[in-house]
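Notes for the one structure printed next.
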Amino acid sequence: MKKAVFLAAAASAALLFGGTTTLAHAKTYTQHGNALANYNVKKYKTVNNKNMFVKRYSFKQSYGDIFQTSPTKISSTKGKKVTFKSNVFLPVTYNKSADWGNPQSEVLSKDGNTLYELITTTSQSTRGWIVRYNLGALRSKFGISTNHMDALRRATYDHSVKQMSSTDKAIMKYVKIGPKFNTGHGQSLAMNPKNGQLWFIGAPVKVHSNVQQVSTSSLKPTKKINFMLKSTVTMGSNLTFDKHGNAYFFTYSNGGWAPKGAIKIYKGKVNSKSVKFHLVMQGLRHNPGTKPQAMSYNAKRNRLYFVSDGSISSIPASKLGKLKASQVESTKLNGHREFEGLQFTKNGAGYLMSNRGAELLKTTSNNF
């Protein structure tokens, strides 16, 4: 067979950009040529990590009363030990019943005091908005993580029935609601810690894709970069950045030259006007679950995390491409909840965003 069969289509020798346009104050750049570097599929390998696959299950809700005041827990049943305990019960209703009931991704500041939550209008919608919470103030002033865990949900519910108390109004001063925009699936909101920029993938699981930068103040897109990885590779639906500013996403293999179900990991850069990625030439033989829900990075342990419902796997970022099976950590968890995101503070505390109802659950130790 010809060598070309085993090589990715050649990338353009130079990046060319179409004219910069401004649409609703968002600058748009169009990148020509492949954004994905060449690779030889013959050289691709996988590490035979322990199989902690969790099949798709029916999601369960965590509450009998939406105004929960006591934390619940999600704990490991197999693999790496971890327990997540409710820390913030996020709003579910704001204008009408359950209109905030579809969180898709989260970004948490290094100190754990600011949360960006991306919500879509419905579970299958590609429109949504971002809510920014000053968790530091909400915790210290209103006890939303301790003695008044129902306060945040009550404030937004009271808004929906037009019966806001003075406390409700005071709480909502620390909650900023952004405008609606086209979010794509919404799973990919991520912050680059190198420069503090917020990004998301606007057209995931498509050949012609884009990444968009979001203002941390206005909470709306300010920049869009259109690109194509290559004609036979679609963009993943998740995104994360490490402490050096490297960008990552992962997909599941459909078979062919990579084993079916294997995790393919892509690493690259999201620059000011262009993106570039390469395929890491070693993937994971076994993925954690049916649907990729999120990807995240823990700076304290320098590890990358692959999140699926009821199962999470992680690897040391420094060992990309040369992993041993023993370096892959995997966890099966109970609760039958829907996992939407995972974030870590600078001290290694993990915050899992789960749905039904939307909440942040915090690790009880900082070694996950």
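The values are calculated or read from the model by the stated rules, or taken from the named source; none is laboratory data. This structure is a prediction, so every number in the text was calculated from the model and none was measured. Cβ: placed from backbone, ideal geometry, glycine included. Neighbour counts: every protein chain shown.
Here are the criteria: (1) surrounded by 15 or more Cβ atoms within 10 Å (Cβ to Cβ); (2) under 26 Å from residue 269 (Cβ atoms). Tell me which single one residue 194 does not satisfy.
Result: residue 194 fails condition (1) only.
Only one of these is touching a residue at least 40 places away in the same chain (Cβ under 8 Å), under 22 Å from residue 340 (Cα atoms) and either surrounded by 15 or more Cβ atoms within 10 Å (Cβ to Cβ) or charged (D, E, K, R) (or both): 92, 47. Name it.
92
What number of residues within the range 46-77 satisfy the criterion of being under 17 Å from residue 364 (Cα atoms) and over 23 Å from the mean Cα position of the chain (by Cα)?
3
Restricting attention to the range 310-357, and to residues there that are in a loop (DSSP other than H, G, I, E, B) and either acidic (Asp, Glu) or on the phi > 0 side of the Ramachandran plot (or both), which single residue is nearest to the chain's Cα centre (by Cα)?
Quick first cut of the range 310-357, residues in a loop (DSSP other than H, G, I, E, B) only: 310, 320-324, 328, 334-337, 345-349, 356-357.
Next cut, either acidic (Asp, Glu) or on the phi > 0 side of the Ramachandran plot (or both) only: 310, 321, 335-336, 348, 356.
Values: 310: 15, 321: 22, 335: 20, 336: 19, 348: 17, 356: 18 Å.
Filtering first and then ranking leaves 310.
Please go through the range 18-39 and pick out each residue that is farther than 21 Å from residue 278 by Cα and either modelled with pLDDT of 95 or more or surrounded by 13 or more Cβ atoms within 10 Å (Cβ to Cβ) (or both).
Result: 26, 27, 28.
Rundown of residues vs (1) without any contact (Cβ under 8 Å) to a residue 40 or more places away in the chain; (2) touching a helix residue (DSSP H, G or I) at 6+ places or on another chain (Cβ under 9 Å); (3) assigned to a loop (DSSP other than H, G, I, E, B); (4) farther than 30 Å from residue 205 by Cα, yes/no style:
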| site | (1), (2), (3), (4) |
| --- | --- |
| 104 | no, no, no, no |
| 107 | no, no, no, no |
| 111 | no, yes, yes, yes |
| 118 | no, no, no, no |
| 123 | yes, no, yes, no |
| 128 | no, no, no, no |
| 145 | no, yes, yes, yes |
| 162 | yes, no, yes, yes |
| 169 | yes, yes, no, yes |
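For residue 245, state whether it is at positive phi, surrounded by 17 or more Cβ atoms within 10 Å (Cβ to Cβ) and in contact (Cβ under 8 Å) with a residue 24 or more places away in the chain.
In short, no.
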